[in-house]
Amino acid sequence: MRAANITTLFIAMLIAGSAVYGQSDNFVAESVNSEITAVSSKKKLNFFIVSKRKKGKLDLATRFNVMRSKVKSLFRKKRFVAIVAGDASQASAKIQYRLKKYDARIGTIWFDSHGMYKKGYSLFLIGDDEISYKTLQDSSLISIFSEMADYADNETKLVIGSCYGGATYHRPSIDYKDTTRMNGDSLMIRLGEIFKQAIIYGSESWVMTKPGLFRKKAAVAGFPGRKLFLDVCYKPAWENVGKWNEYNAAINSFRSVNPITLDMYGNVIVRNSAYADKREVKDDISKNLGKMQPGLYK
């Protein structure tokens, strides 16, 4: 390992510290149960997928996530793996390599990404690839995700770690002339059609990573402070702060859940309480809704 990389990891450690058919019915049932037990008892690996930084583009939030997840991965490499990928195919190849190496199955995959409210639909990015309910109709992309799904089971969880990744509301267009449905539920269901036994999570609103994942606080719940987010087109996002959705592909069940986060090993944790139930949070949301005006989004 190069000295520069060692230095980067050491700095990241400091940042992360401060801031995954038989002969009878009984025979058939026993065989099926044994198979399920064998699969579910296999070693699980959790993954944190971050897009490779494009040259000349500074993205501090992404760089911070890369560093802290790499540090976590460094000390827990048999349970948690951080992957930086240039596209979905590269991410899939790296995931499969680790799973084969440790003879494991997928526990949790967190797809860390920015959302794109301007596009008017839910999505997440893996490097150069956009993953949405639209693109998941493409056979080549379906094939890439299907290769990963071969290592999934009924304990697998996928997290769309982008803002608005599970949004179900109608978003006013930027010029306020019409609305578009975000279709985050459609994105989650499309993933469930590939990962047929998995549970998929997506947020209705912002996914905030300060003070960070891998902690006990509901660090993924919150809202941004920049003025542009007070534009009236963001009203649905403010009304749904801290709300997450869960889709269970095995039983085709869609429901609302409290904010989620990851523990120190990358396992999904659903918080015990709703973020927006706190009095101070309700007051802040109400205050910001009262400040909204057109023309701030640029």
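Selection of segment 259-275 for residues being in a loop (DSSP other than H, G, I, E, B) and either farther than 17 Å from I106 by Cβ or among the hydroxyl-bearing types (S, T, Y) (or both) yields P259, M264, Y265, R271, N272, S273, A274.
For segment 207-224, check the following and say yes or no: at least one residue is small (G, A, S) and at pLDDT 90 or above. No, segment 207-224 contains no residue that is small (G, A, S) and at pLDDT 90 or above.
Residues in segment 167-192 that are assigned to a loop (DSSP other than H, G, I, E, B), of a type outside the set (V, I, T) and at pLDDT below 95: S173, D175, Y176, K177, D178. Residues being over 23 Å from K118 (Cβ atoms), of a type outside the set (V, I, T) and surrounded by 17 or more Cβ atoms within 10 Å (Cβ to Cβ): count how many of those fall in segment 177-196. Looking only at that region, the number is 2. Please find, within segment 142-163, the residue that is nearest to the chain's Cα centre (by Cα) out of those that are of a type in the set (S, T, N, Q), surrounded by fewer than 22 Cβ atoms within 10 Å (Cβ to Cβ) and more than 17 Å from N46 (Cβ to Cβ). Per the criteria, the residue is S146. Applying the criterion of at least 3 residues that are hydroxyl-bearing (S, T, Y) to the strands (runs of 3 or more DSSP E) found wholly in segment 112-164 leaves an empty list. For the residues S256, S286, the requirement of being hydroxyl-bearing (S, T, Y) and either more than 16 Å from G202 (Cα to Cα) or part of a loop (DSSP other than H, G, I, E, B) (or both) singles out S286.
Looking for something closer than 14 Å to L123 by Cβ and charged (D, E, K, R) - is there at least one such residue anywhere in segment 155-163? Taking every residue of segment 155-163 in turn, none turns out to be closer than 14 Å to L123 by Cβ and charged (D, E, K, R).
Filtered by the rule that a residue be surrounded by fewer than 22 Cβ atoms within 10 Å (Cβ to Cβ) and among the hydrophobic types (A, V, I, L, M, F, W, C), segment 164-176 gives a lone residue, I174.
The values are calculated or read from the model by the stated rules, or taken from the named source; none is laboratory data. Model, not experiment: these values are computed from the prediction. Please note: Cβ atoms are built from the backbone with ideal geometry, for glycine as well, and neighbour counts cover all protein chains shown.
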